[in-house]
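Note sheet for the following structure.
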Amino acid sequence: MNFDDLRLASGTVIQLQFIDDSRERYPSRLIGHLEGRSILVTHPVMDGHLLRIRNGQRVIARAMTSSAAMAFTSHVEVLCSTPYPYLHLTYPDTISMNRVRCSPRISVSMDISITNLSEIPRSGEKLARLLDISPTGARLEANASSVKVGDHISLEGLFRLSDIERTVSLPGLVRARVAGSASQTGSVQASDHAVYGVEFQSISEDVRLFLHAFVYQQMIEGSA
């Protein structure tokens, strides 16, 4: 497979890792390409300033298609400043692809708060641990007395996307309970907990797009 076969649209987010300098990954956007010649991407920005890059610098580029995470190795062929800052990356010889499921799910380990909306009277927020997440649902570990199958709940946690931190609220329905625990660490007491499958419901389009971006970023960071 070559880069043309990916049929990436202009504006697709391309994460760049300059392997001579650090393991940091910087977002840029695809402008276009010419087969066999070069790939044009916007110049990454960090803290409001153009990232310091030099000609010849080696780079790993990563992006998501609708069904796979892709990566390729290249180097900066030309730095351009007009009519706006952008880079020419050398056209890659090969593309590495990792297929993903239709609703990609990633493993995480993060503290969240959970409110049982079906509980009367409500006892307020309780601590839980998010074990994995997709744009359509999640698996979490919580105190067994907090929720039961069929309950409507609200999850709230702090998610980090690139350099953005955002508190996200996720309404959902508890679909299943798994006996025991997938984790014996964290803030949830291991003596009285269970693992639950949650289906998100009635989340806003803005939050759904954010979840897609968060999941895809984690997948890209875990790819080659």
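The values are calculated or read from the model by the stated rules, or taken from the named source; none is laboratory data. Just so we're clear, the structure is a prediction, and the values are computed from it rather than from any experiment. Backbone-built Cβ (ideal geometry, glycine too); neighbour counts: all protein chains shown.
So, of the residues in region 196-224 that are assigned to a loop (DSSP other than H, G, I, E, B) and within 19 Å of Arg175 (Cβ to Cβ), which turns out to be modelled with the highest pLDDT?
If we take residues in region 196-224 being assigned to a loop (DSSP other than H, G, I, E, B) and within 19 Å of Arg175 (Cβ to Cβ), then Gln201 is modelled with the highest pLDDT.
Give the residue that is nearest to Leu89 (Cα to Cα), with candidates limited to residues of region 1-59 that are touching a Gly at 6+ places or on another chain (Cβ under 7 Å) and not hydroxyl-bearing (Ser, Thr, Tyr).
Looking only at region 1-59, we keep the residues that are touching a Gly at 6+ places or on another chain (Cβ under 7 Å), and these are 10, 29-30, 40.
Remaining after also requiring not hydroxyl-bearing (Ser, Thr, Tyr): 29-30, 40.
Working: Arg29: 12, Leu30: 11, Leu40: 6 Å.
Per the criteria, the residue is Leu40.
Under 19 Å from Asp4 (Cα atoms) and in contact with a Gly (Cβ under 8 Å, 6 or more places away or on another chain): does that describe Leu87?
no
For region 86-142, which positions are in a strand (DSSP E or B) and among the basic types (Lys, Arg)? Steps first, answer last, please.
First, pick out the residues of region 86-142 that are in a strand (DSSP E or B): 86-90, 96-99, 106-116, 126-133, 137-142.
Correct list: Arg99, Lys126, Arg129, Arg139.
If a residue must be assigned to a strand (DSSP E or B) and either over 12 Å from Leu87 (Cα atoms) or outside the structural domain of Thr12 (by TED's automatic domain parsing) (or both), how many such residues does region 26-69 contain?
The qualifying residues number 14.
Give me a count of the residues in region 50-70 that are farther than 20 Å from Arg37 by Cβ and at pLDDT below 90.
Of the residues in that region, 7 qualify.
List, please: which pairs have Cβ atoms under 7 Å, are six or more places apart or on different chains, and start with a residue in region 115-126 that is in the same structural domain as Val168 (by TED's automatic domain parsing) and within 13 Å of Val174 (Cα to Cα) and end with one that is among the aliphatic types (A, V, I, L, M) and in a strand (DSSP E or B)?
From region 115-126, the pairs are Thr115/Ile153; Asn116/Ile153; Leu117/Ile153.
May I ask you to list the residues in region 30-53 that are charged (D, E, K, R) and on the phi > 0 side of the Ramachandran plot?
Asp47 - this is the single residue of region 30-53 that is charged (D, E, K, R) and on the phi > 0 side of the Ramachandran plot.
Residues of region 126-155 being within 20 Å of Tyr216 (Cα to Cα) and not hydrophobic (A, V, I, L, M, F, W, C), which ones?
Asp132, Ser134, Pro135, Thr136, Gly137, Arg139
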